[in-house]
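One structure is given below, encoded as structure tokens.
The values are calculated or read from the model by the stated rules, or taken from the named source; none is laboratory data. Bear in mind that the values here come from a model prediction, so they are computed numbers and not experimental data. Backbone-built Cβ (ideal geometry, glycine too); neighbour counts: all protein chains shown.
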Amino acid sequence: MTPKDKYFELCYEKRIHEFSKIDKYKNWSQGDARKKHESLDSFYREELKVDKEELNNIRSHFKKYNDLFTKYHNEQRQELFREPDKLIEWFNNQNDNCNYCKITQSELLKIVRARNGNLTLNQKTKRSKGSLEIEKLDPNKGYTFNNSVLSCPFCNNAKSNLISEDDWRKFFAPAMMDYFNSILK
């Protein structure tokens with residue numbers, strides 16, 4: 001296993017980000033990892049058999065993936081996150097806009113600013129930050145690269161699993177684009 005593969009396993013699959021998880025991973029008594037390693041970096045360098053510079057290079061390699069993981073990973077989307085390079089390629093192919101109405105991430109953030117820092121009108125939902133979301137095209141299938149797209153919170157929430165992708169594009173996406181243009185003017 002390469003150091004990058006091992007890093008991926010430890011950091012993203014086993015989620016080792018604290019000493020207690022090192023103890024569990026190594027089957028050590030609680031507190032042993034803290035005694036053996038002055039830092040988490042020390043643990044990673046030892047496990048990967050790399051120096052500080054190489055560990056930093058590995059982390060740099062995973063920077064984009066880590067950003068996506070932090071923002072979008074959950075139990076339901078694990079399939080998408082098993083292959084970092086494929087996930088990044090998929091994400092880049094989404095062109096940083098909604099699959100339906102084509103609003104961009106930067107335009108969503110302009111709407112957030114226009115609404116005093118919140119995307120929602122009632123300021124009560126998690127969608128208040130105005131991020132594009134990962135949405136399933138077919139709600140009966142899982143989150144796979146062929147069944148997932150980026151969607152704005154408006155389209156994702158309104159379309160839900162009530163309207164087909166084709167019908168959403170035909171009947172609702174043009175009206176959504178008009179709505180956004182009226183806010184952004």
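Return yes when I88 is under 23 Å from the mean Cα position of the chain (by Cα), farther than 25 Å from E135 by Cα and at pLDDT 95 or above and no when it is not.
Details: under 23 Å from the mean Cα position of the chain (by Cα): yes; farther than 25 Å from E135 by Cα: no; at pLDDT 95 or above: yes.
Considered against the rule, which asks whether it is under 23 Å from the mean Cα position of the chain (by Cα), farther than 25 Å from E135 by Cα and at pLDDT 95 or above, I88 comes out as no.
I'm trying to understand the selection: among the residues of region 82-96, which are surrounded by fewer than 19 Cβ atoms within 10 Å (Cβ to Cβ) and touching a residue at least 40 places away in the same chain (Cβ under 8 Å)? Don't jump to the end; show me each part of the working.
Initial filter on region 82-96 (surrounded by fewer than 19 Cβ atoms within 10 Å (Cβ to Cβ)): 82-86, 88-89, 92-96.
If the condition is that a residue be surrounded by fewer than 19 Cβ atoms within 10 Å (Cβ to Cβ) and touching a residue at least 40 places away in the same chain (Cβ under 8 Å), then P84, K86, Q94, D96 are the ones that fit.
Please work out if K24 is over 24 Å from F69 (Cα atoms) and without any contact (Cβ under 8 Å) to a residue 12 or more places away in the chain. Spell out the reasoning first.
Details: over 24 Å from F69 (Cα atoms): no; without any contact (Cβ under 8 Å) to a residue 12 or more places away in the chain: yes.
Answer is no for this residue.
Out of Y65, Y44, I need the residue that is under 19 Å from the mean Cα position of the chain (by Cα) and either assigned to a helix (DSSP H, G or I) or closer than 22 Å to G142 by Cβ (or both). Which one? First the steps, then the outcome.
Details: Y44 fails: under 19 Å from the mean Cα position of the chain (by Cα).
Result: Y65 is the single residue among Y65, Y44 that is under 19 Å from the mean Cα position of the chain (by Cα) and either assigned to a helix (DSSP H, G or I) or closer than 22 Å to G142 by Cβ (or both).
Does region 4-13 contain at least one residue that is in contact (Cβ under 8 Å) with a residue 12 or more places away in the chain and either touching an Asp or Glu at 6+ places or on another chain (Cβ under 7 Å) or over 24 Å from E89 (Cβ atoms) (or both)? Before the answer, list the steps.
Kept after step one, since they are in contact (Cβ under 8 Å) with a residue 12 or more places away in the chain, are these residues of region 4-13: 4, 6-8, 10-12.
This time we only want the ones that are either touching an Asp or Glu at 6+ places or on another chain (Cβ under 7 Å) or over 24 Å from E89 (Cβ atoms) (or both), so: 6, 10.
Checked against the condition, which is being in contact (Cβ under 8 Å) with a residue 12 or more places away in the chain and either touching an Asp or Glu at 6+ places or on another chain (Cβ under 7 Å) or over 24 Å from E89 (Cβ atoms) (or both), region 4-13 yields at least one hit.
Please find, among N157, N122, N99, N116, the residue that is touching a residue at least 12 places away in the same chain (Cβ under 8 Å), not aliphatic (A, V, I, L, M) and not in a helix (DSSP H, G or I).
Values: N157 fails: not in a helix (DSSP H, G or I); N122 fails: touching a residue at least 12 places away in the same chain (Cβ under 8 Å); N116 fails: touching a residue at least 12 places away in the same chain (Cβ under 8 Å).
Among N157, N122, N99, N116, only N99 is touching a residue at least 12 places away in the same chain (Cβ under 8 Å), not aliphatic (A, V, I, L, M) and not in a helix (DSSP H, G or I).
Which of the residues that make up region 28-38 are touching a helix residue (DSSP H, G or I) at 6+ places or on another chain (Cβ under 9 Å) and in a loop (DSSP other than H, G, I, E, B)? Even if it seems obvious, please write down each step before you answer.
Going residue by residue through region 28-38, those that are touching a helix residue (DSSP H, G or I) at 6+ places or on another chain (Cβ under 9 Å) are 28-34, 36-37.
Listed by number, the residues that qualify are W28, S29, Q30, G31, H37.
Which condition does E107 not pass, out of (1) part of a helix (DSSP H, G or I); (2) under 30 Å from D5 (Cβ atoms); (3) touching a residue at least 60 places away in the same chain (Cβ under 8 Å), if it passes all the others?
Result: E107 passes all but (2).
With the structure loaded, tell me whether Y72 is surrounded by 11 or more Cβ atoms within 10 Å (Cβ to Cβ) and not assigned by TED's automatic domain parsing to the domain that holds I16 or whether it fails that test. It would help to see each step written out before you state the result.
On the way: surrounded by 11 or more Cβ atoms within 10 Å (Cβ to Cβ): yes; not assigned by TED's automatic domain parsing to the domain that holds I16: yes.
Criteria met by Y72.
Please verify whether G142 is modelled with pLDDT under 85, assigned to a loop (DSSP other than H, G, I, E, B) and within 22 Å of the chain's Cα centre (by Cα), treating the condition exactly as stated.
So G142 does not fit the description; no.
Return a yes/no flag: does region 6-18 have any residue that is out of contact with any Pro (no Cβ under 9 Å at 6 or more places or on another chain), farther than 30 Å from E133 by Cβ, loosely packed, with under 14 Cβ neighbours inside 10 Å and at pLDDT 95 or above.
Within region 6-18, the first condition is being out of contact with any Pro (no Cβ under 9 Å at 6 or more places or on another chain), and the residues that meet it are 6-7, 9-11, 13-18.
Adding the requirement that they be farther than 30 Å from E133 by Cβ leaves 6.
Remaining after also requiring loosely packed, with under 14 Cβ neighbours inside 10 Å: none.
No, every residue in region 6-18 fails to be out of contact with any Pro (no Cβ under 9 Å at 6 or more places or on another chain), farther than 30 Å from E133 by Cβ, loosely packed, with under 14 Cβ neighbours inside 10 Å and at pLDDT 95 or above.
Within region 125-141, can one find any residue that is surrounded by 15 or more Cβ atoms within 10 Å (Cβ to Cβ) and at positive phi?
yes
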